[in-house]
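The values are calculated or read from the model by the stated rules, or taken from the named source; none is laboratory data. All values derive from a computational prediction rather than experimental measurement. Here Cβ is always computed from backbone atoms with ideal geometry, including for glycine, and neighbour counts include all displayed protein chains. Surface accessibility is based on the protein's heavy atoms, side chains included, excluding ligands, DNA and RNA. Shrake-Rupley method; radii C 1.70, N 1.55, O 1.52, S 1.80 Å.
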Amino acid sequence: MDYILDITFTTERDGIICAAKGQGMESLNAVILQTRDGGKTWVERYRSARPYELTWKAAFPTPAVGYVTLQSYNPDTSVKQRYVLKTTDGGASWTELPAIADYSCREFGVGFVTERLGWVGCVGYGLNTTDGGATWTKVDMGRAANKVRILREPAVGQPTRFTGYAIGTHVFKIEGPIPK
């Protein structure tokens, strides 16, 4: 790989690498590699068909369901559609979910409370989904939220709650009950 940008393991043996392959930005394709043997071997499981792309960050709310942000650096302002990648089989296959049609959007951090509830940090704003990435809504997450971390907090006598933090140029706090 020419760029390795993030690594996430769901078990001691199962993990993915967010990466990009190519020489120079104009030839980059986003790539996801997967291991099932603790990192001894890696298999390419996704490669974008578009140039100027790289995968950035990953979040797995369960061992089977995961999301990866896909950054586009394409200088063509007519290329507006941005995507989030999703797996439902632990990283063996990936689907591109349309997130937003906004040339200025550059995706950074990603965090999910459940398989359906999550956030993506972008330049200037964030995106929220409550349906597993089928639809996305713009939300305030400060500027350039590069990391999103979710903590699940059991509360005695109350529904289990979560608290999340997104960091970029500011710290943004997300909290609430975990939906059933």
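Per the listing G157, G142, the residue uniquely more than 24 Å from T95 (Cβ to Cβ), assigned to a loop (DSSP other than H, G, I, E, B), in contact with a Phe, Trp or Tyr (Cβ under 6 Å, 6 or more places away or on another chain) and at pLDDT below 90 is G142. Scanning the stretch 38-95 for residues that are of a type in the set (F, W, Y), closer than 18 Å to F112 by Cα and either in contact with a His (Cβ under 9 Å, 6 or more places away or on another chain) or in a loop (DSSP other than H, G, I, E, B) (or both) gives F60, W94. Restricting attention to the stretch 60-86, the residues that are of a type in the set (S, T, Y), under 21 Å from R152 (Cβ atoms) and surrounded by fewer than 23 Cβ atoms within 10 Å (Cβ to Cβ) total 1. Annotation note: of E115, E107, the sole residue that is closer than 23 Å to T8 by Cα, touching a residue at least 40 places away in the same chain (Cβ under 8 Å), acidic (D, E) and open to solvent by less than 30 Å² (accessible area, probe 1.4 Å) is E107. Of all residues in the stretch 59-79, exactly one satisfies the criterion of being touching a Gly at 6+ places or on another chain (Cβ under 6 Å) and among the aromatic types (F, W, Y), namely F60. Scoring T95 on the criteria (1) touching a residue at least 12 places away in the same chain (Cβ under 8 Å); (2) in contact with a Ser or Thr (Cβ under 9 Å, 6 or more places away or on another chain); (3) among the β-branched types (V, I, T); (4) open to solvent by 30 Å² or more (accessible area, probe 1.4 Å) leaves a single failure, condition (1).
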